[in-house]
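Peer 1: Here's a structure for you.
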Amino acid sequence: MKGKIIKSTGSWYQVLEMETGRIFEARIRGKFKLIKTRLTNPLAVGDFVEFQLEQDDIAWITKIESRRNYLIRKSVNLSKEAHIIASNIDLACFIFTLKHPETSLGFLDRFLACCEAYNITPLILFNKIDVLHEEEIEIVKDVEFLYNEIGYETLEISSYSRLNLDQLQEILQDKTSVFFGHSGCGKSTLVNALQPGLNLKTSEISDTHLKGKHTTTFAQMHFWDFGGNVIDTPGVREFAMIDIEKEEVQHYFPEIFKKREQCKFHNCLHINEPKCAVIDGLETGEIQHSRYATYIKLMEEAEEAVQK
């Protein structure tokens, strides 16, 4: 039998049987746990699998199909390991909030670099627009312009005023999407607004640290009435790229990769090389300093990974 993983709690999974639409509780055979990998979880929501039914209608997963793509985050306690957040994604939506909680540009840039690395189409959603003052809205529009210039699609939204939610529905229709962002950025509230009746648990922002409280504790796929589905994920603190060489990092920053053609040396890493077009672009404003800082940080992490 063939199915799709629609929920993962770590030890148990839910599998949607493709032909009948039945949902089974499932476990994996021990052999999957023996596969040598730097990933902490052998299965992720979005994976296509083969499974067998045994007594009490428990499904045992016997095979994982090849993934078209996936996104990963760094494991909390294992610096060399990573955890698959979701797989086989058509659209990855990053929920950016200027405040409550504040989203850093570095966090957004890591997300976009991961999308570039694993061939996933990103969409930046500027959420909670309705709670911003005029000056703050101008800041959002400046950030939006910055990423539009690079070539990324953006959309300003609000779950409460329903700003642009009809337009977002059209974008999400018939796709497997995934929502990302810090805890408290409004992922579950947005899912509830797009699909009334789901009643996903939401939580207020912590007054002490102005950070969101974790309300989604495991990844789960939900289905839209208007077609397609979304993978709701726990709040992610840091994205990761594994097995990436430092020479590859510039491939995942479109404006840097384009500018490299003007560098004097074809193998320029844009750090301190002479006649580097990327460094010149920093001075002219063609390359944003925040983006370049993330690029350098990812280069350093790739170098450290090689040395470990």
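The values are calculated or read from the model by the stated rules, or taken from the named source; none is laboratory data. Note that the coordinates shown come from a computational prediction; the quantities given were computed from them, not determined experimentally. Backbone-built Cβ (ideal geometry, glycine too); neighbour counts: all protein chains shown. To get the accessible areas, we keep the full protein, side chains included, count just its heavy atoms, and leave off ligands, DNA and RNA. Shrake-Rupley method; radii C 1.70, N 1.55, O 1.52, S 1.80 Å.
Peer 1: Test residue 260 against the stated conditions and say whether it is of a type in the set (D, E, K, R), in contact (Cβ under 8 Å) with a residue 24 or more places away in the chain and either outside the structural domain of residue 109 (by the TED database) or open to solvent by 40 Å² or more (accessible area, probe 1.4 Å) (or both). Spell out how you get there, then give the answer.
Peer 2: Details: of a type in the set (D, E, K, R): yes; in contact (Cβ under 8 Å) with a residue 24 or more places away in the chain: no; either outside the structural domain of residue 109 (by the TED database) or open to solvent by 40 Å² or more (accessible area, probe 1.4 Å) (or both): yes.
No: the conditions fail for residue 260.
Peer 1: Now a separate question. Say we look at the stretch 208-219 and pick out the residues that are under 20 Å from residue 89 (Cβ atoms) and surrounded by 18 or more Cβ atoms within 10 Å (Cβ to Cβ); which of these is modelled with the highest pLDDT?
Peer 2: First pass over the stretch 208-219, keeping only residues under 20 Å from residue 89 (Cβ atoms): 216, 218-219.
Going one step further and asking which of them are surrounded by 18 or more Cβ atoms within 10 Å (Cβ to Cβ), we end up with 216, 219.
Values: 216: 45, 219: 86.
The residue in question is 219.
Peer 1: Also, I was wondering about something else. State yes or no: is residue 145 modelled with pLDDT under 95 and aromatic (Phe, Trp, Tyr)? Quick ask: steps written out before the conclusion?
Peer 2: On the way: modelled with pLDDT under 95: no; aromatic (Phe, Trp, Tyr): yes.
No.
Peer 1: Also, I was wondering about something else. One residue is enough: does the stretch 252-261 have a residue meeting the conditions closer than 30 Å to residue 183 by Cβ and part of a loop (DSSP other than H, G, I, E, B)?
Peer 2: Within the stretch 252-261, one or more residues are closer than 30 Å to residue 183 by Cβ and part of a loop (DSSP other than H, G, I, E, B).
Peer 1: Among (1) closer than 22 Å to residue 242 by Cβ; (2) outside any helix (DSSP H, G or I); (3) open to solvent by less than 40 Å² (accessible area, probe 1.4 Å), where does residue 110 come up short?
Peer 2: Here residue 110 meets the rest and fails (2).
Peer 1: Can you tell me which residue within the stretch 42-72, out of those that are β-branched (Val, Ile, Thr) and in a strand (DSSP E or B), is surrounded by the most Cβ atoms within 10 Å (Cβ to Cβ)? I'd like the intermediate steps shown before the answer.
Peer 2: So in the stretch 42-72, the residues β-branched (Val, Ile, Thr) come out as 45, 49, 58, 61-62, 64, 72.
If we keep only those that are in a strand (DSSP E or B) too, we end up with 49, 61-62, 64, 72.
Details: 49: 20, 61: 22, 62: 14, 64: 18, 72: 25.
Filtering the stretch 42-72 for residues that are β-branched (Val, Ile, Thr) and in a strand (DSSP E or B), the one surrounded by the most Cβ atoms within 10 Å (Cβ to Cβ) comes out as 72.
Peer 1: Can you spot a residue in the stretch 224-247 that is surrounded by 12 or more Cβ atoms within 10 Å (Cβ to Cβ), at pLDDT 95 or above and under 22 Å from residue 72 (Cβ atoms)?
Peer 2: yes
Peer 1: Another question, then. Being of a type in the set (Val, Ile, Thr) and assigned to a strand (DSSP E or B) is the filter here, so list the residues in the stretch 1-20 that pass it. If you could, list the steps in order and put the result at the bottom.
Peer 2: Restricting attention to the stretch 1-20, the residues satisfying the condition of being of a type in the set (Val, Ile, Thr) are 5-6, 9, 15, 20.
Selection gives 5, 6, 15.
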